[in-house]
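Notes follow once the structure below has been shown.
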Amino acid sequence: MARPNLLAVDDDVSVLEAVVQDLRRQYGAEYRVLRAASGQAALDTLDLLKPRGEPVALLLSDQRMPGMTGVDFLERARVLYPEAKRVLLTAYADTEAAIQAINTARIHYYLTKPWDPPEEKLYPVLNDLLDDWKADYVPAFEGLRVIGNRWSLNDHTLRSFLSRNHIPYRSLDAASSDEAQKLLDERHIQMDHLPAVLFADGSVLTQASPDGVAAKVGLRTHATQEFYDMVVVGAGPAGLAAAVYGASEGLKTLVIEPEAPGGQAGSSSRIENYLGFPAGITGADLGRRAHVQASRFGAEFITQRAVGLRIAGQYRFVQLGDGREVSSHVVLLAPGVQYRKLDIPGADRLTGRGIYYGAALVEATSCKDEEVFVVGGANSAGQAALHFAKFARKVRMLVRGKGLLATMSKYLIDEIERTSNILVETQTQVIAAEGEERLEALRLRGPKGEYCVQASSLFVFIGAEPGVGWLPDSVLRDEKGFVLAGPDLRPDGKALGDWTEKRPPFLLETSVPGVFVAGDVRHGSIKRVASAVGEGSIAVQFAHQYLAGF
Ligand SMILES: Cc1cc2nc3c(=O)[nH]c(=O)nc-3n(C[C@H](O)[C@H](O)[C@H](O)COP(=O)(O)OP(=O)(O)OC[C@H]3O[C@@H](n4cnc5c(N)ncnc54)[C@H](O)[C@@H]3O)c2cc1C
C-alpha cells in the first residue's frame, strides 16, 4: 500500500523547510511528506493526488500567506479531502482568527509558532490527530468485502456491526455491482446464501452473522477469568469512565459491550461541547481513546450483550448473549438508552429495508445522490441530517413541532441553515410507511393535510428509551423504565423494594446491593457525555466502599 500523504504549506521557505524536516523525522517511515509554497500550489497538489486515489492524512498550513490564507486553503481542501486532519499554523497574534476557523473551516487544531521543541509542542498533537485519522481510514484494497442486498435486514445488521466495531470493509450490492456478480460466480455462492463475507486470506463466510464474523476477525467474546471485582455493562462514556477509574485503582474489571466502545455518542457525527476538545471529537474517537486507556490499566473487554442478571448471596452473575455467565461482587449498569421505534403501520416490516434507527449512519454512503428523510427535531436528528447532507442529493427533515429552536442546540440549527441541501419541514408527521420488499413511499401529515411522497430511506431519531428490559424486577425502575438509585429509592426516607441492608443505598447504587448504575439509563440523569463520564467515575468510589464491607 502507498504511504498516506502529509502536506505542509507555507510561503516562507525557511519555515516550510523546518516543518518538513520535523515531519519527516517523526513520520517519514509511515507517511510521505509533501510540501507546497502557497495555498494554490497545495490545491494543485491535492488535485493531482485525488484521481490517483492517494490518501491524505494531514494538511498543515501557515495562516498568513499572500493570495490565499491558510484558513481559505484548508476550507477549500476540505472539499477534496474531507477526512484529512486540518491544522493551522499561526502567529500568536492570529489566535482569534484560528479559533473562528475551528467553526468556519472545521479546522481540527491550531498550533502557534514557534513549535520548538517539536517533541512537546508538535508531535503529541499530530500523533493524536493521525491516530484518529488512521482509525477511520479504510485502505482501498484491504479489509473485508461484504456482498449482500442493500435492502436486506441481515445485511444491514452485519454492516452496522462491522462499522461500529471499526472493522474495515467494502460493501458490494449483489443486485447492482458487476464486481459482486463476478465474485459470487467465482466462489459459487448462491444468492440465498447472502450476505457473504470475503476475507483478505481468501476464506469466505456465507449467510454471515455478526457472531460468525466476530469470531473470525478475532474480537474477544469470552472472558479470561471466572470472577471479577467489577463487571461493567456497556462501554459508552459512563462504562468507559468506570473501566478507566476501576482498573487504574486496582479493581479486576470486565466490560461487556456488543458494539465498538463509544456508546450512543459513537454514532453522532461530533461532540462539540465536551471539555478539552475545542474542535469537537467524534464519539467513536472518544470511545477508541478511552478503550485504549482502560485496556492499558488492565480492564478486559468482551464483545457480548448482557441478557440477564442473577443474584446469589454476595455474588452477581451477568448472563451473556451466548448463554455463558460472568460473576463478580459489583455490577455497574451503563447500557444507556436505545432509539425509540416509530409506531406507524409498515414501520416494523420495513426496518432495515429503508427504515433505520440511530446507528444506521453506516447507510449514509449508500444514499449517495438520493433524497433521504430524517424524522425528529432534536440534536441527534440534526447531526444525522448534516451527516447525510454530505452524501445525499437532498435531506428532508420531518419535524413535528413548529420549529427547531425548542429542541435543538443553536450551533446545529445554524449549521443546518447554512447547508443548502437540507430542507426542514415543520409541523409534519409520518403516519405510514409503504412498500413490499423495501421502503417505497411515506404517508405524511403536514399543515396542508395528508399526502404521499416517494421515499427509499427514512432515518428515525424520535427520542430514546432505557435498554434494560433484561434486568430482574428486583432492580427497581421508574414508570419509563429508567433505573432508580441512591436517594431516589427512598422518596419518603423509607427503602423501597427488597433492600435488606442496614445502611441506605449509596449514591448510584440500585435497589440491589452491589449493583450500581451510571449514565443515561439512570432515572434523573443529565443526558450528556460529561455527566455520564462523571457518574461512571463516581460509581467506582462507591464500589470501593461496598467492597470494603466484605
Ligand atoms: C446523535 C447524538 C449526539 C449527541 N451529541 C452530544 C453532544 O454533542 N454532547 C453531549 O454531551 N452529549 C451528546 N449526546 C448524548 C450522549 O451521547 C449521551 O448522553 C452519552 O453517550 C450517554 O452515555 P452512556 O454511557 O450512559 O450511554 P451510551 O452512550 O448509550 O452507551 C451505552 C452502551 O451500552 C451498550 N449496551 C446497551 N445494552 C447493552 C447490553 N444489554 N449489554 C452490553 N452492552 C449494552 C451500548 O451498545 C452502548 O455502547 C448525543 C447523543 C446522540 C444520540
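Taking each residue as 0.36 nm, the span from Asp192 to Phe391 lengthens on full extension beyond its C-alpha to C-alpha distance by 68.6 nm.
What is the antiparallel percent of DSSP beta bridges lying wholly in the stretch 276-420, to the nearest 5? Before the final figure, lay out the partial values.
Details: 10 of 16 bridges.
The answer is about 60 percent antiparallel.
For the stretch 55-107, take the alpha-carbon Rg, divide it by the Kirkwood Rh, and send me Rg/Rh.
Values: Rg = 10.4 Å, Rh = 11.0 Å.
Computed over Cα atoms, the ratio is 0.94.
When DSSP assigns beta bridges and you keep just the ones with both residues in the stretch 391-510, what percent turn out antiparallel, to the nearest 5? Mind showing how you got there, number by number?
Working: 12 of 16 bridges.
Counting DSSP beta bridges with both partners in the stretch 391-510, the antiparallel share is about 75 percent.
Each Cα pair under 8 Å and six or more residues apart adds its sequence gap; the mean of these over the residue count of the stretch 156-241 is a relative contact order of 17 percent. Ranking Gly212, Gln181, Pro168 by Cα position along the charge dipole of the chain, where only Lys, Arg, Asp and Glu carry charges on their C-beta atoms, puts Gly212 farthest toward the positive end. Label-to-label distance for Glu425 and Gln21 is 6.1 nm, based on points extended 7 Å past Cα in the beta-carbon direction.
Per the Debye formula with a single identical scatterer at each Cα and no solvent contribution, what log10 I(q)/I(0) holds for the stretch 156-209 at q = 0.26 Å⁻¹? Each listed q maps to, in turn, -1.21.
A crude spin-label estimate for the pair Glu417 and Asp478, with each label 7 Å from Cα along the Cβ direction, gives 3.3 nm.
When the listed pairs Lys390/Lys448; Lys85/Lys390; Lys341/Lys368 are checked against a 27 Å cut-off, the alpha-carbon distance exceeds it for Lys390/Lys448.
Taking the fewest neighbouring Cβ atoms within 10 Å as the starting point, the ordered list for Arg187, Arg438, Arg522 is Arg187, Arg438, Arg522.
For Leu309, the amide hydrogen comes within under 5 Å of the amide hydrogens of Gln319, counting only partners 5 or more places away or on other chains and with H modelled in the peptide plane. Calculated on the Cα set of the stretch 334-388, radius of gyration then Dmax: 11.9, 38 Å. Counted over the chain, the DSSP beta bridges are approximately 35% antiparallel.
On C-alpha positions alone, give me the angle between the axis of helix 237-248 and the longest principal axis of the chain, in degrees, nearest 10. Orientation of helix 237-248: about 80 degrees from the principal axis. Size of the chain from its Cα atoms: along the principal axes, largest to smallest, the extents are 75, 59, 54 Å.
Read-outs: derived from the displayed coordinates by stated rules, not from any lab. These numbers were taken from a predicted model, which means no experiment stands behind them. Positions of Cβ are generated from backbone atoms using ideal geometry, with glycine treated the same way; all protein chains shown enter the neighbour counts.
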